[in-house]
Amino acid sequence: MTGAYGYSGTYLRRRLEMAGHTVRTLTNHPAADADIDVFPLDFSDPEALAEAFDGVTTFYNTYWSRYAPAGTSHLDAVANTGTLLEAAARMGVERVVHLSITNPDSASFYTYYQGKAAVEDLVMAGGMSYAIVRPSVIFGGDDILINNIAWLLRRFPVFAIPGTGRYRLRPVHVQDLADLCVRLGEERTNTVTDAIGPESFGFEDLVGTIAQAIGVPFRPVHLPATVVSVLLRGMSMLTRDVVLTRDEIEGLMAELVMVEGEATCPTPLTGYLYENADRIGSRYQSELARRKVPAAL
């Protein structure tokens, strides 16, 4: 698997180990106490990548780039994923479980979603049996969005809501996502599955639910997306992180993280919030720090 010591990758690695699988990882950020085989994620060396797949039955791919903090564009990420898939197929890997995103679209205004659609095409054409898993907003543990909304609520007297705040999302628990991936990895049928929880929220309702759970006031202020984007850029300078990009704001408002249909993952966000109210938002979760990428804001 890629990124076995990243956020979702950690849960997936532990779930695979619990199921009795031997795990190895391709990563450039191994844990200091890594207890599995670690191979460098070096896209300039396809032969070394291929060595990592020697004897592997199933490849769990979590690799992607949220934005381009160190020169890795979404187009680069598509090409890099293609290199990974080619190496896996060449070494006889039978199955790939690929983490995508809800509503990928080659015609999207957002290059993130264009890239996700392009990678799905590569997975389907790669010659291995595949399960494409499309998670919505992920919560649990050290998640980014839900935790940092709580962090902002704890520290500021008002909360900026882009636009109407009525656009919806369908959060999924990270452990449920890992369970789903492992289950699909054991199959051989080609599948595309939305990873979505049992609850959907309008964005303003979501922020209000978080505020109620952690016991802080919620004073929403509705602003144009352009203004919120400027405010968040200032917040990014404060946190030395990219809090939320303009494209991500537009993606939320376009309901790109909302999917109708039956839940495929059982854990409700509301119960999780109340059970973990003391911890959620107690400290800011920096993606750049997590990836050891210098901030250039």
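Each reported figure results from applying straightforward, stated rules to the coordinates on display, with no laboratory input. None of these values were measured; they are calculated from a predicted model. Neighbour counts are summed over all protein chains in view; Cβ atoms, including those assigned to glycine, are modelled from backbone coordinates with ideal geometry.
Assorted remarks:
- Listed residues 120, 255, 47, most fluctuating in the chain (Gaussian network, C-alpha, under 10 Å): 47
- Between helix 74-90 and the chain: long-axis angle, C-alpha atoms, 0 to 90°, nearest 10: 30
- Among 135-146, 159-170, 223-234, the peptide with the highest mean count of other Cβ atoms within 10 Å heads the list, and the full ranking is 135-146, 159-170, 223-234.
- If you run the Gaussian network model on the chain, springs between alpha carbon atoms under 10 Å, then out of 82, 185, 271 the most flexible one is 271.
- The H on the amide N of residue 131, modeled in the peptide plane, is under 5 Å from the matching H of 96, 97, 98, 191, each at least 5 residues off or on a different chain.
- Annotation for the stretch 210-281 versus the stretch 128-146: alpha-carbon center distance of 16 Å.
- Mean separation of Cα pairs under 8 Å and 6 or more residues apart, divided by the residue count, gives the chain a relative contact order of 19 percent.
- Theoretical FRET efficiency, 1/(1+(r/R0)^6), r = Cβ-Cβ of residue 48 and residue 142, R0 30 Å, to 0.05: 0.50
- Rough spin-label spacing in nm, given labels placed 7 Å along Cα→Cβ, for residue 186 and residue 125: 3.3
- Each of 236, 44, 100 was scored by other Cβ atoms within 10 Å of its Cβ. Arranged with the fewest first, they read 44, 236, 100.
- The modelled label-to-label distance between residue 238 and residue 223, using points 7 Å beyond Cα along the C-beta direction, is 1.0 nm.
- As an equivalent ellipsoid, the stretch 3-150 spans semi-axes of 23, 20, 15 angstrom, where each value is the square root of five times an eigenvalue of the C-alpha gyration tensor, largest first.
- Antiparallel DSSP beta bridges within the chain, as percent of all bridges there, nearest 5: 10
- Cα Rg, Dmax, the chain, angstrom units: 19.0, 56
- Magnitude of the charge dipole for the chain, about its Cα centre and with charges confined to Cβ atoms of Lys, Arg (+1) and Asp, Glu (-1), is about 960 debye.
- Between the helical axis of 225-239 and the longest alpha-carbon principal axis of the chain there is an angle of about 70 degrees.
- Selection from 28, 239, 197 lying farthest towards where the dipole of the chain points positive, charges on Cβ: 239
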